Ligand SMILES: C[S@@+](CC[C@H](N)C(=O)[O-])C[C@H]1O[C@@H](n2cnc3c(N)ncnc32)[C@H](O)[C@@H]1O
């Protein structure tokens, strides 16, 4: 490039963007520290503890004070904890505790950072996939993806599934109360099935997933929750899962991960009773990229780049819908599979909930 071709730099714009990138730089390294705090129980030890010193926190968590003090410096600089210089104490406010310490809170985000930690661990694999165009199967990821995803999604399912999403479907709660047959396709570690099984003891639930280790963990979780008599889990793909006449088939945050979502939806339609319902939960997204240029869209495009899209490309057909497909594209997939009625039944800032009927 010659001097004549050098772009003109607007200093104000440059300064603003450097400022933004510096905030992101702090966020990127703090994400790692959040995950470390999550793994070591540092946030849980601080929740409700009031102002404490680094020595007390280290002693309560069996960790080394020097590391904990440095970690606390990062946490204070990021606004996660309040530092009091007068007595060198640190406090985790109740609101922050809901996001980083309390797994039952609807806004708990520890699982998101565990998921992202798995992505950093796998980044060499993604670089290679960009070069070759090859897919990266779900089973090929760092194991924290599986535990991270269930911890990321479970709070939303616990908050909304039984109280809002199922009641938004036509006639489904009545069937679940009297005894319905339900399949949960791409169930992962089974959180959604277990939450439904806890609420509807007369119904039977079967979760299917291609990932055998997830199915084993789901079975253990169902036994732990005491619902394994009516919630079971089997290894199967979305295109060949067994059974027919289901009153309800659910797909939670998994259709866009599949290589052949049309084939999966076609099998689901065939497996439904004539008056059965498909509950499709997908990330909340507008129909075009320009509608998703916000913090949630930014996160989903990021996760989709390294998890969902490569996962789909690793399977037959390899459609690569992406996590931000949007309602219009999803409805096209469902109609292509033979569903005639598709409507948005509910939504949250993170999810759209579609109802589809044969
Ligand atoms: C993002 S995870 C969601 C898991 C679970 N539904 C949840 O909400 O916690 C996507 C899941 O889809 C599963 N999956 C991907 N392709 C599949 C296929 N073709 N058939 C069945 N399961 C599939 C993966 O193994 C993974 O467990």
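Values computed for the structure shown
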{"quantity": "Helices (runs of 4 or more DSSP H) contained entirely in segment 223-342, each with at least 2 residues that are more than 18 Å from the chain's Cα centre (by Cα) and outside the structural domain of residue 164 (by TED's automatic domain parsing)", "calculated": "none"}
{"quantity": "Residues being under 30 Å from the mean Cα position of the chain (by Cα), over 17 Å from residue 93 (Cα atoms) and not in a helix (DSSP H, G or I) - total across segment 63-80", "calculated": "1"}
{"quantity": "Test result for residue 33, in a helix (DSSP H, G or I), more than 25 Å from the chain's Cα centre (by Cα) and surrounded by 13 or more Cβ atoms within 10 Å (Cβ to Cβ)", "calculated": "no"}
{"quantity": "Test set (1) within 11 Å of the ligand (Cβ to nearest atom); (2) crowded, with 16+ Cβ neighbours inside 10 Å - residue 235 fails condition number", "calculated": "(2)"}
{"quantity": "Enumeration of residues in segment 54-67 that are over 20 Å from residue 99 (Cβ atoms) and either out of contact with any strand residue (DSSP E or B) (no Cβ under 9 Å at 6 or more places or on another chain) or not assigned by TED's automatic domain parsing to the domain that holds residue 34 (or both)", "calculated": "55, 58, 59, 62, 63, 64, 65, 66, 67"}
{"quantity": "Number of the condition not met by residue 258 [criteria: (1) in contact with a strand residue (DSSP E or B) (Cβ under 6 Å, 6 or more places away or on another chain); (2) in contact (Cβ under 8 Å) with a residue 40 or more places away in the chain; (3) within 15 Å of the ligand (Cβ to nearest atom)]", "calculated": "(1)"}
{"quantity": "Residue in segment 101-118 that is in a helix (DSSP H, G or I) and surrounded by fewer than 16 Cβ atoms within 10 Å (Cβ to Cβ) present", "calculated": "no"}
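Yes/no per residue for (1) within 21 Å of residue 259 (Cα to Cα); (2) surrounded by fewer than 22 Cβ atoms within 10 Å (Cβ to Cβ); (3) touching a strand residue (DSSP E or B) at 6+ places or on another chain (Cβ under 7 Å); (4) modelled with pLDDT under 95:
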position: 313; (1), (2), (3), (4): yes, yes, no, no
position: 346; (1), (2), (3), (4): no, yes, yes, no
position: 349; (1), (2), (3), (4): no, yes, no, yes
position: 357; (1), (2), (3), (4): no, yes, yes, no
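The values are calculated or read from the model by the stated rules, or taken from the named source; none is laboratory data. What you are looking at is a predicted structure, and each value in this text was computed from that prediction instead of being measured. As a convention, Cβ positions derive from the backbone with ideal geometry for all residues, glycine included, and neighbour counts pool all protein chains shown.
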